[in-house]
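Written below as structure tokens is the structure these notes are about.
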Amino acid sequence: SQELEQSPQSLIVQEGKNLTINCTSSKTLYGLYWYKQKYGEGLIFLMMLQKGGEEKSHEKITAKLDEKKQQSSLHITASQPSHAGIYLCGADGTGANNLFFGTGTRLTVIP
Amino acid sequence: ETGVTQTPRHLVMGMTNKKSLKCEQHLGHNAMYWYKQSAKKPLELMFVYNFKEQTENNSVPSRFSPECPNSSHLFLHLHTLQPEDSALYLCASSQDRGSVYNEQFFGPGTRLTVL
């Protein structure tokens, strides 16, 4: 079975600090998706990476996919309380858009 | 309404009840998905529909029965559930399956509690 490992499982940072969340697969991926989830709510799409070495940014969030397409990192610069939530990475392992997900990283930002 | 909506948002049911979850997408998409999110477990894909046809059943027990009458609506019929079926059920949609940059858009979920 395919699995995604996310680290860390939880993260508490002071407002204004930078942070990085990692997502690792044992297999090459067709696509890597980052989502954010508020507790008990739906997922909000952040970014999708498909090409090895690809990097995308949106506001203060940057995501990268390594050359082998097996590891991705999500970096938040100058974190704000609005960044708090659960960050999930999801991946397409077959090209059929059937996503499997990591267990998530719970981010708390202290004002 | 915009995006993906789900009703009800919360549902409590007994093990002998029959209930249905509803999902509606207003994005003009052709693929729809049901996911289950249990505490401390990864989000699990349950069913996939593409152009109203079921294309994926991820070994889901028969007490969960999906229905997709058209590309905009997706239902999950529930009967004789078990307490371990309590979870957040999420619906998603995408333009279709297998194409490039085909992100899935999620609804807010239905929090299901089985007593």
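Brief remarks follow.
- Cα centroid separation, the stretch A:1-74 to the stretch B:26-83 (Å): 25 Å
- Between B:SER20 and B:LEU78, the built amide H atoms are under 5 Å apart, and every one of these is 5 or more places off in sequence or on another chain.
- Counting only Cβ charges, +1 for Lys and Arg and -1 for Asp and Glu, the dipole size of the protein assembly as shown around its Cα centre is about 400 debye.
- In chain B the Cα-Cα distances spread across 5 Å bins starting at 0 as 2, 13, 24, 26, 19, 11, 4, 1, 0 percent of all pairs.
- Within the shell defined by Cβ-Cβ distances under 15 Å, the residues around A:LEU19 carry a net charge of +3, with Lys and Arg each +1 and Asp and Glu each -1.
- Solvent-accessible area, 1.4 Å probe, carbon plus sulfur percent, for the protein assembly as shown: 49 percent
- For the stretch A:41-111, the spread of Cα coordinates along the three principal axes comes to 41, 26, 16 Å, biggest extent given first.
- Modelled this way, with points 7 Å down the Cα-to-C-beta line, the labels at A:LYS38 and B:LEU27 are 1.8 nm from one another.
- Nearest-20 debye value, chain A charge dipole, Cβ charges on Lys, Arg, Asp, Glu: 80 debye
- Semi-axes of the equivalent ellipsoid for the protein assembly as shown, computed as √(5λ) from the eigenvalues of its C-alpha gyration tensor and ordered from largest down, come to 29, 20, 16 Å.
- Taking chain B, the Cys residues with no second Cys beta-carbon under 4.7 angstrom are B:CYS68.
- A:THR94-B:HIS79 pseudo-label distance in nm [points 7 Å out on the Cα-to-Cβ vector]: 2.8 nm
- Label-point separation, B:LYS18 to B:SER65 (7 Å along Cα→Cβ), nm: 0.6 nm
- Residues of the stretch A:1-41 with amide N under 16 Å of the 7 Å Cα→Cβ point at A:GLN50: A:29-34
- Straight-line cross-link partners of A:LYS17 among the lysines, defined as a Cα under 24 Å from its Cα and at least 8 positions apart when in the same chain: A:LYS36, A:LYS38, A:LYS56, A:LYS60, A:LYS64.
- Full-stretch length increase - A:SER82, A:ASN22 - with 0.36 nm per residue and alpha-carbon distance subtracted: 19.6 nm
- Within the stretch B:47-67, backbone nitrogen closer than 20 Å to the virtual label 7 Å beyond the Cα of B:SER38 toward Cβ: B:47-48, B:57-66
The values are calculated or read from the model by the stated rules, or taken from the named source; none is laboratory data. Computed from a prediction, not measured in an experiment: that's the story for all the values here. For neighbour counting, all protein chains shown are included, and Cβ atoms are generated from backbone atoms with ideal geometry for every residue, glycine included. In case anyone asks, the SASA skips ligands and DNA or RNA and just uses the protein heavy atoms, side chains included. Shrake-Rupley method; radii C 1.70, N 1.55, O 1.52, S 1.80 Å.
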